[in-house]
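Encoded as structure tokens, the structure appears first; notes follow it.
The values are calculated or read from the model by the stated rules, or taken from the named source; none is laboratory data. For clarity, every value in this text was computed on a predicted model and none was experimentally measured. Quick reminder, even Gly has a Cβ in these numbers, built from the backbone with ideal geometry, and neighbours come from all protein chains shown. Protein only, heavy atoms only, side chains kept; ligands, DNA and RNA dropped before computing areas. Shrake-Rupley method; radii C 1.70, N 1.55, O 1.52, S 1.80 Å.
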Amino acid sequence: MKKPRRSAGRSGGPRRPRGRPAAPRRGGPATRPIARVLIANRGEIALRVLRACREMGLSPVIVYSEADRDTLPVRLADAAFCVGPAAASASYLDIDAILKAARAARADAVHPGYGFLAENPEFARACERASLTFIGPPPEAMRLMGDKVEARRLMEKRGVPVIPGLLDRAADTAIIAAFARKNGYPVILKAAAGGGGKGMRVVREESGLESALRAARSEAKASFGDDGVYAEKFMENVRHVEIQILADAHGNAVHLGERECSVQRRHQKLVEEAPSVALDPARRGRMGSIALEVVRASGYRNAGTVEFLLDAKGNPYFMEVNARIQVEHPVTELVTGVDLVRSQIEIARGDVLPLRQERLRPRGWAIECRILAEDPENGFRPSPGRIVGLRLPSGPGIRVDTALQAGDEISLHYDALVAKLLAWGPDRGEAIARLRRAIDEFLIAGIRTTLPFHKALLVDPDFVAGHLDIAFVDSALPRLTGAASGPGPDAEVAAIAAAVRATEEADRAARQVPAAGPGPWALAGRRAQMETRIPRGH
Ligand code: MV4
């Protein structure tokens, strides 16, 4: 079926935002009205942004790849533009195709979500050159934070605690060997242009340094096109804790407390929570102040995250800035009551941040489970396939962020995240109890998911006690997978799957766009589609 489509029955232009005081600088130089937002992403984050737009009275329009034609965000958007085939490099990463879609849609802003082009300063610059408001940080702050060595040096100069290590790219092995002899092994080699764990190598003794440096350089070159590498002391028994910040265009900035992200495997976070059992209000305040110093030093604006390692004594060390909305942002939303995506849009259009630091105290506890299309019983190997049955949990304290619909095909082209299951409770124990209850309600038939892993995790004594560090999953994995999950709800899954399969074709037909005449969006979409089929530069 050829696109474009327009949702039927929606009328009228963008409504005025309600419920919040208007920015006092209305009409001033920093005010950039936004009426229509192009969502340059897919899946649950595309839906999350779409929902924020709707609630603000803004018109959401979206891009999609050929593989995502029939997905929920595409259906719910006011208009949708195909930007290429399934491969992300030929669609969601194609800057020209996305800018063409924005022009055709007459969008005045672009929300990049996370991943894809979210932290690409060239994309942010290209948006601004095309008179599109990029809903994210200024490109220069993004570029600065993308260079880990430059960021470290700047933060060290500003008195932010950084991990002991080199403040320059290592010219050769001798420089790193000298640092390690002075500070002791293990050391960790990191890509200067890196982040998120790519291109990292832990070195435990001098004999392994030479080959580790060679490996780190070539991985850095392959991943980032830059073979710059630097060295730090490798910290052990540490937690991964990050601070959420919001900064507006008028010099106002607040932090929204921390997220504990130590439950991860191969740099893929599996569970995040707020607050962290490792922080008390005094430490939280100090870490928040450090994060705000990072914001000031870098000229950062919009929503962002400052990542820290927290040692066993509770000392924080700055690691890096994530210049985007993050997957785990909802845990902060649940404990602060702040809509972070709405805040991003407000900041981008020049509103004054309406939040006051002293009024931001985390209330209760929130935990997020990342439900992945991976098989935890088989080394978390990818589990693509068609969703033949779906039952989402709900009830007190439960939030599910997902774009999943029965009938969707989970392909290997994109991230394995299919849903985020969150629980809020008045304390950590009640949040855990709600998550356990919700996992028992949750049914995703047709693929393997990480739900059994999460079920086991939430009864694990160490997890329940909050005894976590970044090595937790690796050490607990044997007892969290395997026999623990038992036969499970297989019979129920099979019955639902059969019923869903029987009605699938009818359901698909019913979900087709009503046969109304093509509106102006239809024409615009068709034009964008034709244009994006022209061979592109990259
Ligand atoms: C470290 C570290 C220990 N010591 N640096 C991981 C992602 C990127 N943001 C930096 N990361 C780390 N940097 C020093 N000097 C530990 C991590 C780290 C980690 C390392 C191995 C396995 C899992 C990890 C999870 C979080 C952080």
What is the magnitude of the charge dipole of segment 116-199 about its Cα centre, with +1 placed on the Cβ of each Lys and Arg, -1 on the Cβ of each Asp and Glu, and no other charges, expressed in debye to the nearest 20? 280
From the residues V203, L167, L189, which one has its Cα farthest along the dipole of segment 147-243 in the positive direction, the dipole being from +1 and -1 charges on Cβ of Lys/Arg and Asp/Glu about the Cα centre? L167
Label point distance in nm, K182-Q357, each placed 7 Å from Cα along Cα→Cβ: 3.4
Give the shape of segment 351-487 as rounded, prolate or oblate, defined through the alpha-carbon gyration tensor: a ≥ b ≥ c are the square roots of its eigenvalues, a/c under 1.5 means rounded, and otherwise the shape is prolate if a/b is larger than b/c and oblate if not. oblate
Just check segment 268-332 against the gyration tensor rule for me: Cα atoms, a ≥ b ≥ c as the square roots of the eigenvalues, rounded for a/c under 1.5, and otherwise prolate or oblate depending on whether a/b exceeds b/c. oblate
Take the Cβ-Cβ distance between E205 and R54 as r, set R0 to 51 Å, and report the resulting FRET efficiency rounded to the nearest 0.05. 0.35
Counting only protein heavy atoms, what percent of the accessible surface of segment 262-323 is carbon or sulfur at a 1.4 Å probe? 47
Over the alpha-carbon set of segment 114-164, work out the extent along each principal axis and list the three values in angstrom, largest first. 41, 20, 14
Whole-number accessible area per residue in Å² for segment 176-316, which is evaluated in the context of all protein chains at 1.4 Å: 38
Using a probe of 1.4 angstrom, how much of the accessible area of segment 27-74 is carbon and sulfur, in percent? 51
With all protein chains present, how much of the accessible area of segment 138-209 (probe radius 1.4 Å) comes from carbon and sulfur, to the nearest whole percent? 52
For segment 57-163, what does the accessible surface come to per residue with a 1.4 Å probe? Please give it in Å². 32
Which shape class, rounded, prolate or oblate, goes with segment 216-280 when its Cα gyration tensor gives a ≥ b ≥ c as root eigenvalues, a/c under 1.5 marks rounded, and past that a/b bigger than b/c marks prolate? oblate
For I325, distant residues with modelled amide H under 5 Å away: none
Can you tell me the accessible area per residue over segment 325-459, all protein chains present, probe 1.4 angstrom, in square angstrom? 35
Normalised per residue, the volume of the convex hull around the Cα set of segment 142-200 (Å³): 95
Give me a comma-separated list of calculated 3J(HN,Hα) values for segment 333-340, in order, Karplus coefficients 6.51, -1.76, 1.60 applied at θ = phi - 60°, integers in Hz, x for any Gly or Pro. 4, 5, 8, 10, x, 8, 7, 6
J(HN,Hα) series, segment 63-75, from Karplus relation 6.51 cos²θ - 1.76 cosθ + 1.60, nearest Hz, glycine and proline x: 9, 8, 8, 4, 6, 10, 3, 9, 8, 4, x, 5, 5
Using 0.36 nm per residue of separation minus the Cα-Cα distance, give me the extension gain between A174 and R381 in nm, one decimal. 70.6 nm
As a quick test, which of the pairs K148/K182; K100/K190; K221/K269; K148/K313; K157/K182; K221/K313 have an alpha carbon distance above 28 angstrom in this structure? K100/K190; K221/K313
Cα pair distances exceeding 14 angstrom across segment 244-292, given as percent: 58
Net charge, E374 excluded, C-beta distance under 14 Å - Lys, Arg +1, Asp, Glu -1: +3
Paramagnetic reach from S223 in segment 86-110 [backbone N under 20 Å; point 7 Å along Cα→Cβ]: 88-89, 93
